[in-house]
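*Asks:* Have a look at the structure that comes next, please.
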Amino acid sequence: MASISFGGLGNGLDFGQVVDQLVKIQRIPIDQLTQKKTTAQSKLTDYGLLGSKLLALQSAGDALRLPTSFDRSSTTVSDQTALTASASSTATPGSYLVRVTQLAQSHQITNKGTTAVSSATTDIVSGASAAFTFRVGTGADQTVTLSGAGTLEDLQTGINDLGAGVTASIVNAGSETTPAYRLILTATASGASNGVTILADGTTLDFANGGGAGGVDTLQAAQDSVAIVGDPTLNPVTVQRSSNVVTDVIPGVTLSLLKTTGSDTVSVNVTRDNAAVKESINKFATAYNDIVKFVNERTTYDVATKKGALFFGEPTAKGFLSQLRQALSAPVSGLTTYASVGEVGFKTERDGTITVDDAKLDTVLNSNYKAVKSLFINQTGVAGVAQRVNVAIDAIDDISTGSLTVRKNALTNQLSSLTTEIGRKEDALSVYEESLKRQYAALDGLLSRLKGQATFLQSQG
C-alpha cells in the first residue's frame, strides 16, 4: 500500500504526532509480550546451562560410584630406561622383580644384493606377467600380480595396498653413482609367530630363489619378548610374548619393555594412589558446588529494586538442589564405619555449598580406605553417595518425565506461543496504524478545504 502523508500544518495540528502516540499506546501490550519472551528465552538458555552442569556432576560421580573406577593405583620403576609400567584400577599393590632377556621384534627381510635393480622404476618382470605370493605366520596366502611392465615401485604399492600385515619399502643399498635398489618387507606385528614367508616370486628380485642366484637376506629375525618375573634366586616365572607391551604378567599392570637388562633385575612397585582418589572426590564436590552457586545466583531477590533474579519464583531449580542435597548428605543405610560424607570431611556451608577438609579426608583414606570407598560406590543392596547422585540426575534429566525436561519443554512451548501472539498483534497494529493515517489524512484534507473557504469569504467582505 502506498504511504499516506499529511498536508501542511496550516490547520495548526500535527496529526503525524497524534498517530505516533496512539500507535505507541497500542504497542504497550506487544512490548510486554516481547519482554516476557526475552525472559523465557533467558530461562531456557540457563536451564540448558544447568543441564550441562548436572551432567558434569554426573561425570565426576562416575569416577567414584563404580569399584573399578574408584580405585586408583600408581607405579614406580627402578630403571625406566629398561621398562615402564602403568597400573589400572584393578592392580593389586605389591612389589615385583623383572628381568628382560629378549625384546620382541618384527620380521624384516629383503632380496639379495645380486638381484638389486638400478632404480625404483626398473622393470622387474621378464615375461608377460609375474606373481609375487607371501604369507604372514599361519595366515592366508597373499598375491600381487604385475603386468609385463611392472616395476619395483609397482610391487611395493601392490603389497602395501593388500593391508595383509606386511609393509613394503624401497631402499638404495648402493651409492648415488652406482645405485642398488632393494625391496624390504617388514611384518607389521612383532613376534616369532608373525614371520614373513615368500611362497613364490616371478619377478627378477627372485625372493624365492627360483633361479638359484636369489633368495632373501634377513635384516631382523621374528622373535618374542622374554621376561623373567620374580626373585632370580628362588623360583621366578619366565614369560614369552609376541609384543613388547605385556598386559597379563602382573595383574592390572601394563609393562612396556624397552631394552634387555642382562642379569640385572628391575623392581616394579604398585601402590594404591590415595592422592588420585582424593582428587576425584574434590572434583565431585566442585561440580556439586558449581550447581549450587549457579542456582543461588538466579534465585536471589533484590529488596532495594524489589526484583527477583531469573529463577526467582521458579520451583524447578530449587527442586533440583533439594534432590541433590538429599542424595549427597543423607546417611547411607547399611554402613557402619562411615555412613555420611560429613564423617569423611564434607561440610555444608550456609549458602548450600560444601567444603572438604583435606586433612580429615587424608586421614580416613589412609586409615580406613575400604570404608570410604563403601560410602561412595554402588554395591549390592547399598547405593553409595555417588550412585545416589547419579540416580537423582538421571531422574531430573529423564527425556520424558524429568523435571528439567518438563520445564524446558514448557518454556519452549511458551516461546512458540509468544512468538505467534506477538506476530498477530504486530499485524493488527499495522492495520490500526494504516487506518489512523487514513482517517487523519481525510480530516487534514477537510480542514484544509474549510480553511480555504474561510479565507475566500473573508476576501469577499
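None of the figures in this text is laboratory data; all of them are computed from the coordinates on show. Computed from a prediction, not measured in an experiment: that's the story for all the values here. Every residue, glycine as well, gets a Cβ built from its backbone with ideal geometry; the counts of neighbours run over all protein chains shown.
*Asks:* In nm, what is the difference between 0.36 nm times the number of residues separating Thr92 and Ser193 and their Cα-Cα distance?
*Replies:* Taking Thr92 through Ser193 to full extension adds about 33.2 nm, to one decimal.
*Asks:* Could you derive backbone 3J(HN,Hα) for the stretch 180-193 from the dihedral phi with the Karplus parameters 6.51, -1.76 and 1.60 (θ = phi - 60°), listing whole Hz in sequence and x where the residue is Gly or Pro?
*Replies:* Residue by residue, the stretch 180-193 yields 9, 8, 10, 9, 9, 10, 10, 5, 6, 10, 7, x, 5, 7 Hz.
*Asks:* Then there's this: Taking the Cα centre as origin and putting +1 on Lys and Arg beta-carbons and -1 on Asp and Glu beta-carbons, what dipole magnitude results for the chain, to the nearest 20 debye? Could the numbers behind the result be given before it?
*Replies:* Numbers: 37 positive and 41 negative charges, 444 e Å.
It comes to approximately 2140 debye.
*Asks:* Let me check I've understood the local charge: for Asn160, count other residues with C-beta under 15 angstrom from its C-beta, Lys and Arg +1, Asp and Glu -1. What total comes out? Mind dumping the intermediate values first?
*Replies:* Working: positive: none; negative: Glu153, Asp154, Asp161.
My count for the surroundings of Asn160 gives -3.
*Asks:* Answer with one residue from Ser400, Val196, Ala317: the one whose Cα lies farthest towards the positive end of the charge dipole of the chain, charges on Cβ with Lys, Arg +1 and Asp, Glu -1.
*Replies:* The residue sitting most towards the positive pole is Ala317.
*Asks:* Distance in nm between label sites at Thr300 and Val237, each 7 Å beyond Cα in the beta-carbon direction?
*Replies:* It works out to 6.2 nm between the two label points.
*Asks:* Normalised by the residues of the chain, what does the relative contact order come to in percent, with Cα pairs under 8 Å and at least six apart?
*Replies:* In percent, rounded to a whole number, it is 22.
*Asks:* Let me ask another. Asn111: net charge of surrounding residues, Cβ under 11 Å, Lys/Arg +1, Asp/Glu -1, itself excluded?
*Replies:* Combined, the nearby Lys, Arg, Asp and Glu give -1.
*Asks:* Just from the alpha-carbon atoms, what are the Rg and Dmax of the chain in angstroms?
*Replies:* Using the Cα atoms of the chain, the pair Rg, Dmax is 41.2, 143 Å.
*Asks:* Still on this model: If I stretch the segment between Ser256 and Lys293 completely, what's the gain in nm (0.36 nm per residue apart, minus their alpha carbon distance), one decimal?
*Replies:* 8.8 nm
*Asks:* I'd like the trypsin sites (Lys or Arg not before Pro) in the stretch 271-337 restricted to DSSP loop residues with at most 11 other Cβ atoms within 10 Å, sorted by number.
*Replies:* Listed in order of number, the matching sites are Lys306.
*Asks:* Run the quick spin-label model on Asn209 and Leu429: label points 7 Å from Cα toward the beta carbon, then report their separation in nm to one decimal.
*Replies:* 9.6
*Asks:* Cα axis of helix 152-162 to longest principal axis of the chain: angle in degrees, 0 to 90, nearest 10?
*Replies:* Tilt of helix 152-162: around 60 degrees.
*Asks:* Go ahead and run the numbers for FRET between Gln379 and Ala140, Cβ-Cβ distance against an R0 of 41 Å, rounding to 0.05.
*Replies:* Given R0 = 41 Å and the Cβ-Cβ separation, E is 0.25.
*Asks:* Two decimals is fine: what's Rg over Rh for the stretch 255-370, C-alpha atoms, Kirkwood radius as Rh? Don't skip to the end; give the middle numbers.
*Replies:* Details: Rg = 22.1 Å, Rh = 17.9 Å.
Taking Rh as the inverse mean 1/r over Cα pairs, Rg/Rh reads 1.24.
*Asks:* When the Debye formula is applied to the Cα atoms of the stretch 361-453, each taken as the same point scatterer, what base-10 log of I(q)/I(0) results at q = 0.11, 0.13, 0.21, 0.26 Å⁻¹?
*Replies:* Computed log10 I(q)/I(0) values: -0.67, -0.76, -1.01, -1.15.
*Asks:* Nothing charged except the Cβ atoms of Lys and Arg (+1) and of Asp and Glu (-1): what's the magnitude of the dipole of the stretch 315-461 about its Cα centre? Round to the nearest 20 debye.
*Replies:* On the way: 16 positive and 15 negative charges, 64 e Å.
About 300 debye.
*Asks:* How large is the direction-averaged shadow of the alpha-carbon convex hull of the stretch 154-288, in nm²?
*Replies:* Computing the convex hull of the Cα atoms and averaging its projections yields 16.3 nm².
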